[in-house]
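FYI, it's all coordinate maths here, none of it is from the lab. Here the structure is a predicted model, which is why all the values come from computation and not from measurement. Heads up, the Cβs are rebuilt from the backbone with ideal geometry, glycines too, and the neighbour counts pull from every protein chain shown.
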């Protein structure tokens, strides 16, 4: 097919099928048109085949064809962007070979890095100083080309008249991990974007961490060796024709009218909570409270930005600490399917930099660039961290800022940046000795930094204790699943996902007076317990009250309601109370003590420490600097401390550097 015939055919196709859209694009001032490949194949199979084999020629002909159509304005450099290529033209990055060069293919992958947008020369016009001849030169290579000679015989020293520039940008696309087989390392390819693909709107599509589908032709670029000679090996580059996002976060999900009806109908169901709880992880027996909290976590509370730059997070963080084989990882994996945008990382396989952000040497710009970690990539989504206790202490410290302030600050290699990490975190860990000790308190067995634990709104200990009736039911449940392959969710996953996305995106409930009263009453009741007991323990802190507000809002969101009622507040209080009873209950005093998880020393222990310190001060006034240990023990026994407890506390004070032993059997305060 010769060029003029090709242009004519494409012109006919555009006039018949896409004229309205074309006029609309021109009216908006856009210089591109998205064309469905299926429509082109229906209209003319020959051109469709030619597009796949010789994309450059067809795209150039398309540009000329648009110029020929009378659109009322002049259109130059108008691009046709093709989507929905046939399945046979989908290619994995690892399978690109030399036979694929200069043909049109589709790749899926995750954006790993992205360079800045910079102008690039496409054509330049030169003037010959001798005869005034104007020479246009197309700039297709990486090197800027000048004319070698003019028709009048002049060589070199031509004057540059003008040059055409387009916006260009490079991104690195990496294979999607789900498509790989075990042991394969994901391969990468450079993708070159230009013109409208790097417009501010298109820019959002290609942020690092986004999953995209790129259609484009594969080109080879020469590699120049260090000595300046061209190598026999070539590098690969994909020149993108169209870019689409695949993985949406909560804000990108499209809900059509029929699904909207189903969502509204579901929200009016009186058994809504039970249905959602049963659909969260249908293949895991029991754990209703945990499943309920996971549903609340997926819709989240309301993020509030106050004047003066104060932001109160709306995300609910949950920590599951449990015996091995209790189904924690299974729950995490299931939640990833239900949440629209989720990342899964696991203990030893994650470092502090991998969770937050790292600074890497940039191949594109020869400088340093930021590579976002899991918490940043899951912005406005969910990040599941398994085996949290296996991470080193230094690495978990990196999470502090991300959990509470919802940002990640980096100051390395002359890069100072603050990245947004509005991420909900669901973490799972094992107890300190691998399994819970039934005779010790739960708080003593969670082997994590207290400051980190304190940032989780809900902490669930999952104990696996033998119990004949429960074990019977569980065994029956597991065997039935294996036998009949049941365990399908009541609400199908696709609808459930859209339900959570809609609730998260569009519902912003406000606290009603009755809910405020219920929350206030619970908070004051809990705080006053300590005053009544006369102990110095802190039963519950303001952080827990904020957690309660978030949980109440999430309950209202789950019902798609605009107001948080008293019932919502009570549900939230029940959940928090359930967690606190297991984690922060102090058996000695019979009260709640948040310090069991918020600091290293529980209040009852701290009160004893204070008591021994007071005794030491008193004895120092009577006996002078050196105090016999016997006297301290005797005094402490009068005040209700046993000998072993006193000796433990003296050892602790010694280790802490508060006292020392000048000679055996005597101590002195420092």
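Things to note:
- Here 264, 613 are placed in order of increasing Cβ neighbour count within 10 Å, fewest first, which gives 264, 613.
- Along principal axes, Cα extents of region 603-669, largest first, whole Å: 29, 24, 18
- Ordering of 450-460, 339-349, 216-226 by packing [mean C-beta count within 10 Å, highest first]: 450-460, 339-349, 216-226
- Highest average first, the peptides 657-663, 503-509 ordered by how many other beta carbon atoms sit within 10 Å of their residues are 503-509, 657-663.
- For the pair residue 333 and residue 358, the difference between a 0.36 nm per residue extended length and the Cα-Cα distance amounts to 6.4 nm.
- Remark on region 3-84: ratio of C-alpha radius of gyration to 2.2 N^0.38 Å is 0.99.
- Rounded to 10°, Cα long-axis angle of helix 288-299 versus longest principal axis of the chain: 40
- Extension gain, residue 541-residue 219: 0.36 nm per intervening residue step, less the Cα-Cα distance, totals 109.8 nm.
- Relative compactness, region 89-247, computed as alpha-carbon Rg over 2.2 N^0.38 Å: 1.28
- Cβ-to-Cβ counts within 10 Å put 526, 331 in ascending order as 526, 331, the fewest first.
- Mean Cβ count within 10 Å, highest first, over the residues of peptides 427-435, 614-622: 427-435, 614-622
- For a label point 7 Å along the Cα-to-beta-carbon line of residue 478, residues of region 314-354 with backbone N under 11 Å: 325-327
- Over the C-alpha trace of region 257-506, radius of gyration and Dmax come out as 19.8, 65 angstrom.
- Degrees, to the nearest 10: 19-28 long Cα axis against longest axis of the chain: 70
- If R0 is taken as 60 Å, the Cβ-Cβ distance between residue 232 and residue 30 corresponds to a FRET efficiency of 0.90.
- In degrees, nearest ten, helix 3-17 long axis to first principal axis of the chain (Cα): 50
- Modelled FRET efficiency - R0 25 Å, residue 416 with residue 451, Cβ distances, 0.05 increments: 0.55
- Where labels lie 7 Å past Cα in the beta-carbon direction, separation of residue 527 and residue 95 in nm: 6.4
- DSSP finds beta bridges in the chain, and of those with both partners inside it, around 70 percent are antiparallel.
- Size descriptors for region 379-521, from the alpha-carbon set: Rg then Dmax equal 20.6, 62 Å.
- Exposure proxy order (Cβ contacts within 10 Å, fewest to most) of 649, 280, 171, 629: 629, 649, 280, 171
- Calculated mean residue ellipticity, 222 nm, the chain: -12000 deg cm²/dmol, from DSSP H runs (n ≥ 4) at -39500 (n - 2.57) each, averaged per residue and rounded to 500.
- The chain: translational diffusion in µm²/s, Stokes-Einstein, Kirkwood Rh over Cα pairs, 4 °C, 1.567 mPa s: 43
- You can think of it this way: the chain between residue 23 and residue 264 has 83.0 nm of extra reach, that is 0.36 nm per residue less the Cα-Cα gap.
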